[in-house]
1. Go through (1) loosely packed, with under 14 Cβ neighbours inside 10 Å; (2) farther than 18 Å from residue 72 by Cβ; (3) not aromatic (Phe, Trp, Tyr) and name the single condition residue 173 misses.
2. Going by the structure shown, is residue 157 within 30 Å of residue 61 (Cβ to Cβ) and assigned to a strand (DSSP E or B)?
3. Failed condition for residue 71, given (1) more than 16 Å from the chain's Cα centre (by Cα); (2) within 19 Å of residue 45 (Cα to Cα); (3) not in a strand (DSSP E or B), with all others met?
4. Kindly indicate whether residue 11 is at pLDDT 95 or above and exposed (fewer than 12 other Cβ atoms within 10 Å of the Cβ).
5. Hey, any hits in region 115-122 for a residue that's of a type outside the set (Ser, Thr, Tyr), modelled with pLDDT of 95 or more, closer than 16 Å to residue 46 by Cα and within 13 Å of the chain's Cα centre (by Cα)?
6. Kindly indicate whether residue 138 is crowded, with 18+ Cβ neighbours inside 10 Å, outside any loop (DSSP other than H, G, I, E, B) and either aliphatic (A, V, I, L, M) or modelled with pLDDT under 90 (or both).
7. Residue by residue through region 92-111, note down the ones that are of a type in the set (Ser, Thr, Tyr) and in contact (Cβ under 8 Å) with a residue 40 or more places away in the chain.
Amino acid sequence: MRSLLLCLLVTATSAFAQFDIPTQLPRSTTDADVRNKAAQYCRLDYQGARLTDQDFQKLKPVVNWTTNPEFPLIDVVSRYDVSTTVTQERGKWYVTVTYHLLGRFNIGEGYTREAAGSDKEVEFAVQEINGELKVVDINPNYPRPARAAMLKWLQDKQAAADEKTKIIYDQAIKELSAQSGSPFAK
């Protein structure tokens, strides 16, 4: 009897495989999937992936845009927290990420420190595109790197800048270097 049941089971599974009948139901998207996609973006951005077109290549599998969007501002952050609350509306999932700011670099003006305990909430929209979850919108959409990634970017920019612009990068490097990158610093 056992051998008959085993034989039927093996035959049925091979028949499904032979006729390309799916043996698993499609998996539905969970809040955890959405949060993980936003966190994946945040981790890469924190490491500096938005700062250069070359590093942006690391973000391409996570987002639905093909080029790095222009940005006039860069928020330098000590850490980020992805909310546990996910909402869904019109085929998109929304999750809020709270960034703990160290300061802001304005491309034309330079670096400004933020007051201790400054937080910024940013809304992420995630959507399923061709069977994959992608970040489709971030409001507002500009880079949020860690202190170390930002210092490297500033040093690279300073090395290639004209004399007038070097002053802006030099001042930003001094300000940011003097500031603790720890999320627990006062």
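The values are calculated or read from the model by the stated rules, or taken from the named source; none is laboratory data. Keep in mind that this is a model prediction, so the values were computed, not measured. Note that we place each Cβ from the backbone using ideal geometry, even for glycine, and neighbour counts take in every protein chain shown.
1. (1)
2. Answer is no for this residue.
3. The failed condition is (1).
4. no
5. Checking region 115-122: at least one residue is of a type outside the set (Ser, Thr, Tyr), modelled with pLDDT of 95 or more, closer than 16 Å to residue 46 by Cα and within 13 Å of the chain's Cα centre (by Cα).
6. On the way: crowded, with 18+ Cβ neighbours inside 10 Å: yes; outside any loop (DSSP other than H, G, I, E, B): yes; either aliphatic (A, V, I, L, M) or modelled with pLDDT under 90 (or both): yes.
Answer is yes for this residue.
7. Restricting attention to region 92-111, the residues satisfying the condition of being of a type in the set (Ser, Thr, Tyr) are 94, 96, 98-99, 111.
If the condition is that a residue be of a type in the set (Ser, Thr, Tyr) and in contact (Cβ under 8 Å) with a residue 40 or more places away in the chain, then 99, 111 are the ones that fit.
Matching residues to (1) more than 25 Å from the chain's Cα centre (by Cα); (2) within 17 Å of residue 72 (Cα to Cα):
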{"position": "125", "(1), (2)": "no, no"}
{"position": "130", "(1), (2)": "no, no"}
{"position": "142", "(1), (2)": "no, yes"}
{"position": "152", "(1), (2)": "no, no"}
{"position": "159", "(1), (2)": "yes, no"}
